[in-house]
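Following: one structure in C-alpha cells, then a few remarks.
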Amino acid sequence: MFILDILYTFADSYQQHHPMRTTLQAIKKYPVSTFLVASIWVACMLPVPETPLNHISMFDKWVHFLMYGILCCTVWFEYTRCHQVINGKRLFVWAFVGPVVMGGLVELAQAYLTMGLRSGDWIDFAANSIGVCLGNAVGLTIYKILK
C-alpha cells in the first residue's frame, strides 16, 4: 500500500505540471544534488585512471560509498532548505529509493554500455546502497538536531 501511495502521489503531481517546467524547477531548487547525480553518472561511465591510491584495498568501494553518502546528505539538506513542511514519502523516494535505484542502473550501464571500459559489480552496488543508508542516517540526524 505504501508504495502505491507514493506512485499515486507522483502520478498526480506529474499530471498537474508540465514535465519540462517541473524538471527546470527541480534543477533550480536542488542544484547541488542535480550536479552530484550528473557527476556520479559521468564519473562511473569513464575509464578508471591509474592513481597511487589504487593499491589501497577496496578503494573503489570506499569511493562508491562516499559518493552516494554525500549525495543523500545533500538531498536532505536541499530538500529541508526548500520545504518548511517535510513530506516524508517524497523525501524517502528522493533521498533513499532514487539513489539506490540509480546505483543499480549505474552498475548495469557499466556492465552493458561501456564496451568493456568499465564493468558492473554487485559489490559496488552494495557499497552504493550502504552509502545511501548512512547518508540518510546522517541527513536525518542533522535535520532533527537543527529542527
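The values are calculated or read from the model by the stated rules, or taken from the named source; none is laboratory data. All values reported here derive from a predicted model rather than from experimental measurement. All Cβ positions, glycine included, derive from the backbone under ideal geometry; neighbour counts span all protein chains shown. These accessible areas exclude ligands, DNA and RNA; they are computed on the full protein's heavy atoms, side chains included. Shrake-Rupley method; radii C 1.70, N 1.55, O 1.52, S 1.80 Å.
Points worth noting:
- Count of the range 19-75 residues which are surrounded by 14 or more Cβ atoms within 10 Å (Cβ to Cβ) and basic (K, R): 2
- Filtered by the rule that a residue be small (G, A, S) and either in a helix (DSSP H, G or I) or open to solvent by less than 10 Å² (accessible area, probe 1.4 Å) (or both), the range 104-124 gives G104, A109, A111.
- R81 more than 13 Å from the chain's Cα centre (by Cα) and surrounded by 15 or more Cβ atoms within 10 Å (Cβ to Cβ): no
- Within the range 102-126, residues that are in contact (Cβ under 8 Å) with a residue 24 or more places away in the chain reach partners that are polar (S, T, N, Q) and open to solvent by 10 Å² or more (accessible area, probe 1.4 Å) with beta carbons closer than 7 Å, at six or more positions or on different chains, in the pairs G103/S129; Q110/S119.
- The set of residues from the range 134-147 being without any contact (Cβ under 8 Å) to a residue 24 or more places away in the chain and open to solvent by less than 80 Å² (accessible area, probe 1.4 Å) comprises A137, T141.
- Here H64 meets the list (1) in contact with a Ser or Thr (Cβ under 9 Å, 6 or more places away or on another chain); (2) under 18 Å from A137 (Cβ atoms) almost entirely, failing just condition (1).
- The residue list V97, V101 contains one member that is open to solvent by 60 Å² or more (accessible area, probe 1.4 Å), at negative phi, of a type in the set (V, I, T) and at pLDDT 95 or above, which is V101.
- Close Cβ contacts (under 8 Å, 6 or more residues apart or on different chains) running from residues in the range 14-42 that are over 17 Å from G69 (Cα atoms) and modelled with pLDDT of 75 or more to residues that are of a type in the set (V, I, T) and in a helix (DSSP H, G or I) comprise A26/T34; I27/T34.
- Subset of the range 43-58 (residues that are modelled with pLDDT under 90 and assigned to a loop (DSSP other than H, G, I, E, B)): P47, V48, P49, E50, T51, I56, S57, M58
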